[in-house]
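Down below is the structure, laid out as structure tokens.
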Amino acid sequence: WPNHATFETVVGVILTQNTNFNNVFLAIKNLKNMSAITLPFIANIDLDVLKECIRASGFYNQKAVRLKTLAKNIEKEFTSFKAFQNEVSREWLLSQKGVGYESADSILNYACLKDEMVVDRYTIRMLNSIGVEFTEYDETKTFLQNSIKDNIDEAFKLLNTKELYVVYALFHGMIVEYSKRVKKDGNLDKFLKD
């Protein structure tokens, strides 16, 4: 990543909903055993075969229908994944069944390399632990994006990049890693030293 911003990333985002990523990894491995995970492959795979491939991800009946429908809608609206990456809007993604704010922003940031910050349960938990609470997803996202932009020169230097989407993605990744480590051993100081 970001050289791996492929349609497989979109598949991963949909499959990750309401499950552990280890289960998603198994589902993606099953799909890869059949073929490269591309837009045409997912749009044209038999629905029952898709269901079996992604069974490990949980809610596989629902996810298979939503994933296949999303792939067909992308082909219909954009014709190719490259065009989708360049032209898709957050509003279009949010209009797709099964794509909420977190999934839309994940697809935009990780698959389309757009300047969108992802807010997830780890983000909410981290902010709550320091006394910052919001009731709306977009309020949280705006707070984080503005905080990063207020310190963007330092972030660019620290992360050796000039791309805002990279800063957002890496920041989100650090939040996830922080949340997992602190939940596991409760040691914030150790995490900060690492």
| Which label in (i) 26, 19, 17; (ii) 38, 20, 13; (iii) 30, 20, 15 gives the computed semi-axes √(5λ) of the Cα gyration tensor in Å | (iii)
| query | Amide H of Lys114: which non-local residues (sequence gap of 5 or more, or other chain) have their own amide H closer than 5 Å, using H built in the peptide plane? | reply | Asn109
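Roll a 1.4 angstrom probe over the protein heavy atoms and tell me the percent of accessible area of region 4-112 that is carbon or sulfur.
On the way: 2740 of 5340 Å².
Taking all protein chains in place, region 4-112 shows 51 percent carbon and sulfur surface.
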| task | Could you go through region 10-17 in sequence order and give the Karplus-derived ³J(HN,Hα) for each residue, using 6.51 cos²θ - 1.76 cosθ + 1.60 with θ = phi - 60°, rounded to whole Hz, and x for Gly and Pro? | result | 4, 4, x, 4, 5, 5, 6, 4
| message | In whole Hz and in residue order, list the ³J(HN,Hα) couplings for region 161-169 that follow from phi through the Karplus curve 6.51 cos²θ - 1.76 cosθ + 1.60, θ = phi - 60°; x for Gly and Pro. | response | 8, 10, 9, 5, 4, 5, 4, 4, 5
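How large is the accessible surface per residue of region 86-182, computed with a 1.4 Å probe and reported in Å² as a whole number?
Details: 5300 Å² over 97 residues.
Here the residues of region 86-182 average 55 Å² of exposed surface.
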| said: Explain nothing, just compute: Karplus ³J(HN,Hα) = 6.51 cos²θ - 1.76 cosθ + 1.60, θ = phi - 60°, for every residue of region 21-26 in order, whole Hz, x for Gly and Pro. | reply: 5, 4, 5, 5, 4, 5
| remark: Residues meeting the amide H criterion for Glu163 (H placed from the backbone, H to H distance under 5 Å, 5 or more places apart or on another chain) are none
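As a test of the formula, what do you get for the chain when each DSSP H run with n ≥ 4 contributes -39,500 (n - 2.57) and the sum is divided by the residue count, at 222 nm and rounded to the nearest 500 deg cm²/dmol?
Numbers: 13 runs with 133 residues, N = 194.
Roughly -20500 deg cm²/dmol at 222 nm, from the helical runs in the chain.
The values are calculated or read from the model by the stated rules, or taken from the named source; none is laboratory data. What you see is a predicted model; the values in this text were computed from it and never measured. We work out accessible area using only protein heavy atoms, side chains counted, and drop any ligands, DNA or RNA first. Shrake-Rupley method; radii C 1.70, N 1.55, O 1.52, S 1.80 Å.
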